[in-house]
1. Scan segment 292-306 and give yes if some residue there is under 25 Å from residue 175 (Cβ atoms) and either surrounded by 23 or more Cβ atoms within 10 Å (Cβ to Cβ) or outside the structural domain of residue 175 (by TED's automatic domain parsing) (or both), otherwise no.
2. Every residue in segment 90-116 that is buried (at least 23 other Cβ atoms within 10 Å of the Cβ), modelled with pLDDT under 95 and either in a helix (DSSP H, G or I) or touching a strand residue (DSSP E or B) at 6+ places or on another chain (Cβ under 8 Å) (or both), please.
3. Based on what the data block shows, is residue 445 over 18 Å from residue 103 (Cα atoms), surrounded by fewer than 24 Cβ atoms within 10 Å (Cβ to Cβ) and outside the structural domain of residue 99 (by TED's automatic domain parsing)?
4. Any residue at all in segment 418-431 that is surrounded by 22 or more Cβ atoms within 10 Å (Cβ to Cβ), over 18 Å from the mean Cα position of the chain (by Cα) and not in a helix (DSSP H, G or I)?
5. How many of the residues making up segment 117-126 are in contact (Cβ under 8 Å) with a residue 24 or more places away in the chain and assigned to a loop (DSSP other than H, G, I, E, B)?
6. Test of understanding: among 400, 409, which residue is at pLDDT below 95, touching a strand residue (DSSP E or B) at 6+ places or on another chain (Cβ under 9 Å), crowded, with 23+ Cβ neighbours inside 10 Å and more than 25 Å from residue 292 (Cα to Cα)?
7. Any chance you could count how many residues in segment 461-488 are in a strand (DSSP E or B) and over 23 Å from the mean Cα position of the chain (by Cα)?
């Protein structure tokens with residue numbers, strides 16, 4: 001519960017806040033779900049307040065009207081994995097409230113192997129074990145559960161180690177367990193050096209593997225990747241299958257190219273990472289999905305070179321973009337995959353960093369840009385997207401660098417304050433997360449400044465109408481007859497300057513049609529329950 005509520009000093013003030021508090025940007029929010037959210041469809045998510053029912057379109061002239069006809073024809077799918085990248089805090093309830101199903105973790109040697117774990121075997125912290133054991137020696141130790149070659153006590157300690165810089169949950173084990181318990185897929189980063197020059201803890205120390213990639217380097221790298229996956233999925237049962245190889249190896253300052261790492265070296269890292277993780281996951285009966293090259297630019301030479309040299313070891317082509325229009329980069333990467341395809345498999349695309357880079361998420365313009373990007377990712381059938389970042393990196397005022405801003409509460413903790421973009425993202429997540437089918441929509445009427453998308457799953461139909469600087473609100477009539485809708489009730493969510501992902505209308509569906517009002521500058525999401533249809537109509541089926 002937000003601290004502003006806890007600091008209320010009288011019963012009267014507390015009552016007033018509970019009755020009138022709206023989850024608006026710039027204030028900590030109340031997560032208590034409204035009573036209307038229980039036992040009803042569509043459900044009202046935590047933090048969303050149902051507004052008064054209104055006669056949709058009653059205050060809008062008929063000259064400003066749009067008709068959308070939704071067809072059962074499936075034209076694509078939204079991202080199966082919708083998520084965010086971690087930063088300076090972790091609270092699982094925030095991720096659940098946002099509606100995401102994926103979370104990118106900065107697991108790396110700087111956190112999990114800040115010293116050669118093999119030095120722990122003899123207690124002599126002298127780097128004499130660098131490059132040992134070999135890959136073959138580890139594989140030969142399977143019968144013992146690798147207890148003779150991997151110091152599992154070290155790994156237990158690292159996963160249980162408190163990270164004091166992180167607010168909320170502070171251990172890596174605690175974070176992973178919370179993700180798994182809430183059905184959120186962890187995306188694990190495999191990394192040697194990071195952007196701070198870690199994991200070195202001593203002056204002039206050089207234990208951690210750095211180029212050139214010789215056999216000793218490969219032994220250390222393989223052991224790190226294997227131990228991490230085996231600890232997660234065999235010694236524990238977290239079922240983690242998605243792993244990234246480094247972060248932005250093409251960008252100086254991210255722990256690779258500044259040490260002399262080359263594209264050829266990187267190809268070897270990908271091959272060894274796949275071999276190590278797949279070997280570990282096989283003991284748990286799990287598949288392995290290696291993400292590469294996790295490049296900083298869509299036109300980086302790391303993409304074609306990685307595919308040419310390690311295509312069979314790559315299950316997802318992963319890159320970053322901070323462009324406002326994300327479509328050109330997706331199209332270019334898709335072309336690269338098609339032109340560099342020695343294994344004959346067209347890998348799915350992931351964009352594991354996008355959004356606002358070191359700029360605020362807390363404006364209407366940024367929120368609308370975020371929603372537009374999510375719509376484009378859906379149209380381009382990108383498999384996975386994780387926005388940068390879920391939280392801010394610090395409590396410094398004015399740095400709203402995450403969907404949730406962290407603000408100093410004056411008591412050694414933080415207030416978590418949702419930004420404007422948080423609410424727009426949360427609204428869009430309901431229509432996108434989970435790889436929903438996109439349906440064909442025919443539009444008539446004023447469409448300037450308007451984008452639409454209809455999606456469906458086994459629960460119901462989701463219709464997005466995004467209008468940016470369109471001039472005036474319009475009445476939107478939706479024709480659902482081709483989907484088998486007869487009568488029922490919809491729920492309309494709105495993000496705009498006036499409404500922060502709030503239910504603004506619950507219009508009836510009659511004769512297979514319904515009508516609502518879309519704002520001139522904002523997003524409407526109409527959620528409709530799955531219709532009871534005859535066997536001649538296949539709702540949301542290929």
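1. Start the filter on segment 292-306 by keeping residues that are under 25 Å from residue 175 (Cβ atoms), which leaves 292, 294.
Then drop every residue that is not either surrounded by 23 or more Cβ atoms within 10 Å (Cβ to Cβ) or outside the structural domain of residue 175 (by TED's automatic domain parsing) (or both), which leaves 292, 294.
Within segment 292-306, one or more residues are under 25 Å from residue 175 (Cβ atoms) and either surrounded by 23 or more Cβ atoms within 10 Å (Cβ to Cβ) or outside the structural domain of residue 175 (by TED's automatic domain parsing) (or both).
2. 107, 108, 109
3. Values: over 18 Å from residue 103 (Cα atoms): yes; surrounded by fewer than 24 Cβ atoms within 10 Å (Cβ to Cβ): yes; outside the structural domain of residue 99 (by TED's automatic domain parsing): yes.
Judged against the criteria, residue 445 is a match.
4. No, segment 418-431 contains no residue that is surrounded by 22 or more Cβ atoms within 10 Å (Cβ to Cβ), over 18 Å from the mean Cα position of the chain (by Cα) and not in a helix (DSSP H, G or I).
5. 2
6. Numbers: 409 fails: crowded, with 23+ Cβ neighbours inside 10 Å.
That would be 400, the only listed residue that is at pLDDT below 95, touching a strand residue (DSSP E or B) at 6+ places or on another chain (Cβ under 9 Å), crowded, with 23+ Cβ neighbours inside 10 Å and more than 25 Å from residue 292 (Cα to Cα).
7. Of segment 461-488, the ones in a strand (DSSP E or B) are 461-467, 474-479, 488.
From the residues that got through so far, the ones that are over 23 Å from the mean Cα position of the chain (by Cα) too are 467, 474-479, 488.
The qualifying residues number 8.
Here's the yes/no breakdown for (1) touching a residue at least 60 places away in the same chain (Cβ under 8 Å); (2) not in a helix (DSSP H, G or I):
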position: 178; (1), (2): yes, no
position: 183; (1), (2): yes, yes
position: 194; (1), (2): yes, yes
position: 199; (1), (2): yes, yes
position: 213; (1), (2): no, yes
position: 221; (1), (2): no, no
position: 228; (1), (2): yes, no
position: 266; (1), (2): no, no
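The values are calculated or read from the model by the stated rules, or taken from the named source; none is laboratory data. Keep in mind it's a predicted model, so treat the numbers as computed, not measured. Cβ atoms come from the backbone with ideal geometry, glycine included; neighbour counts cover every protein chain shown.
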